[in-house]
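Colleague: What follows is a single structure, and I will ask about it in a moment.
The values are calculated or read from the model by the stated rules, or taken from the named source; none is laboratory data. What you are looking at is a predicted structure, and each value in this text was computed from that prediction instead of being measured. We place every Cβ from the backbone using ideal geometry, glycine too, and count neighbours over all the protein chains shown.
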């Protein structure tokens, strides 16, 4: 196998160092940020009375901070603000990888694990700015076209953030691999690419004929991969 | 909004009852199983020294048990076997939902939250059978075409399971929704469908010309959705 070197950036902590398959570990912020920015939804892990919970949640990033949001009444948000320990996991599946042994079946993927403490965005102006950044991250140019938020809507929305500091990425991108000698086994081996794709936009019944749908920034990012 | 009723099946516990947006809650096993079976990778949450961790992991289901596997040396597997509390979260994004206010932007999705304790499949025959079920779940008919596993490979692989008992599904499938009056706001609203799609298989250099690639069972499931 010829997985790329993890490079010269060291892991920020033992807890996020990639121990299994260390050649898949990446600790540079460019790789970590690219995976976070390509994720519409990530998994937020937290603990209540010793029981782990994992909630899928839309995320967005501004500089060194990762954000997520939800109803101010949500259990997940009420339980994770105020400096509570969380883990955010982002994952993109890039290919199913089929080998000639069951053992060497795998997937190509990009993932990030981020540990830290979550805090609420308390300042109203900052909260508004972060929600604007969320909408603009997915749909550039859209915020100014929307009906502006009411005070009640802002109050009903909680925005949380954590620092991107104790983080690692794990990337597998090498396709199929067989044990020496297995190549002659008469079965198919290789990769089946997997991607998130967007279908034709479906306007609601109030959209005037001919009004174009917004561009999704994520779509452009994915098509950069070449298929 | 016209989200479907949660039906007559009650939640199995307070911990997994869908409290925010209860109309999105589903507690029937048919819905829960369908979402799990459509998930190639889910998120496994566990706790080490009070810190939550979330690891993306391939899952498969046989009857009332959910399985995942990995290297016997993996931290996640060593830390989650033996009756440890875990949370498995499966999530599929079905559409981006755009409204005329930022507040009513959303996504359509299907998700499952599963709480319980994870145990190792210790019996060698059962372990082999579960790994066979894993391969056959994704690639029907493939197991018998593979080079059989060695004892060393089996020993290097740990399979975990948990019971599907304390579980809930959460489904949003209603598309765009605006506050009364917002319909006249001059911006686009509606849904942009999102799907996981498979590209053309890429054979490795040992595959004979003309050998067909395996069918991925998940592909058929997704194309059933009609686009």
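Colleague: Just checking, how many residues over segment A:54-75 are facing chain B (nearest Cβ under 9 Å) and within 22 Å of residue A:165 (Cα to Cα)?
Modeller: Going through segment A:54-75 one residue at a time, the tally reaches 4.
Colleague: Let me ask something else. Taking segment A:53-105, which residues are outside any strand (DSSP E or B) and at pLDDT below 95?
Modeller: Those that are outside any strand (DSSP E or B) and at pLDDT below 95: A:72, A:73, A:74, A:75, A:76, A:77, A:78, A:79, A:80, A:81, A:82, A:83.
Colleague: Looking at B:106, B:101, can you tell me which residue is in contact with a strand residue (DSSP E or B) (Cβ under 8 Å, 6 or more places away or on another chain), more than 7 Å from chain A (Cβ to nearest Cβ) and more than 17 Å from residue B:41 (Cβ to Cβ)?
Modeller: B:106
Colleague: Based on what the data block shows, is residue B:218 at the interface with another protein chain (Cβ under 10 Å from one of its Cβ atoms), under 23 Å from the mean Cα position of the chain (by Cα), surrounded by 18 or more Cβ atoms within 10 Å (Cβ to Cβ) and in contact (Cβ under 8 Å) with a residue 24 or more places away in the chain?
Modeller: Answer is yes for this residue.
Colleague: Under 7 Å by Cβ, and 6 or more places apart or on different chains, what pairs join a residue from segment A:20-34 that is within 13 Å of chain B (Cβ to nearest Cβ) with one that is surrounded by fewer than 16 Cβ atoms within 10 Å (Cβ to Cβ) and assigned to a strand (DSSP E or B)?
Modeller: The qualifying pairs are A:20/B:71.
Colleague: Related question: Working carefully through the options B:110, B:117, find the one that is crowded, with 17+ Cβ neighbours inside 10 Å, assigned to a strand (DSSP E or B) and modelled with pLDDT of 95 or more.
Modeller: Of the residues listed, the single one that is crowded, with 17+ Cβ neighbours inside 10 Å, assigned to a strand (DSSP E or B) and modelled with pLDDT of 95 or more is B:110.
Colleague: If you take the residues in segment A:68-86 that are within 20 Å of residue A:112 (Cβ to Cβ) and touching a residue at least 60 places away in the same chain (Cβ under 8 Å), which one is surrounded by the most Cβ atoms within 10 Å (Cβ to Cβ)?
Modeller: Only one residue fits best here, namely A:80.
Colleague: Here is a further query. Do we find that residue A:128 is touching a strand residue (DSSP E or B) at 6+ places or on another chain (Cβ under 7 Å) and either touching a residue at least 12 places away in the same chain (Cβ under 8 Å) or in a loop (DSSP other than H, G, I, E, B) (or both) in this structure?
Modeller: Taking the combined requirement at face value, the residue does not satisfy it.
Colleague: Looking for something within 30 Å of residue B:159 (Cβ to Cβ) and under 17 Å from the mean Cα position of the chain (by Cα) - is there at least one such residue anywhere in segment A:73-87?
Modeller: Yes: segment A:73-87 contains one or more residues that are within 30 Å of residue B:159 (Cβ to Cβ) and under 17 Å from the mean Cα position of the chain (by Cα).
Colleague: Just to be sure I understand, how many residues within segment B:10-52 are in contact with a helix residue (DSSP H, G or I) (Cβ under 8 Å, 6 or more places away or on another chain), within 19 Å of residue B:110 (Cα to Cα) and outside any loop (DSSP other than H, G, I, E, B)?
Modeller: Of the residues in that region, 4 qualify.
Colleague: Got a number for residues in segment A:131-169 being touching a residue at least 24 places away in the same chain (Cβ under 8 Å) and more than 9 Å from every other protein chain (Cβ to nearest Cβ)?
Modeller: Qualifying residue count for the region: 17.
Colleague: So, of the residues in segment B:172-192 that are crowded, with 19+ Cβ neighbours inside 10 Å and either without any contact (Cβ under 8 Å) to a residue 24 or more places away in the chain or in a strand (DSSP E or B) (or both), which turns out to be farthest from the chain's Cα centre (by Cα)?
Modeller: B:190
Colleague: Yes or no: residue B:123 away from every other protein chain (no Cβ under 11 Å), under 30 Å from residue B:9 (Cα atoms) and surrounded by fewer than 18 Cβ atoms within 10 Å (Cβ to Cβ)?
Modeller: no
Colleague: Could you pull out the residue among B:195, B:167 that is in contact with a helix residue (DSSP H, G or I) (Cβ under 7 Å, 6 or more places away or on another chain), buried (at least 19 other Cβ atoms within 10 Å of the Cβ) and in a strand (DSSP E or B)?
Modeller: Criteria check complete, one pass: B:167.
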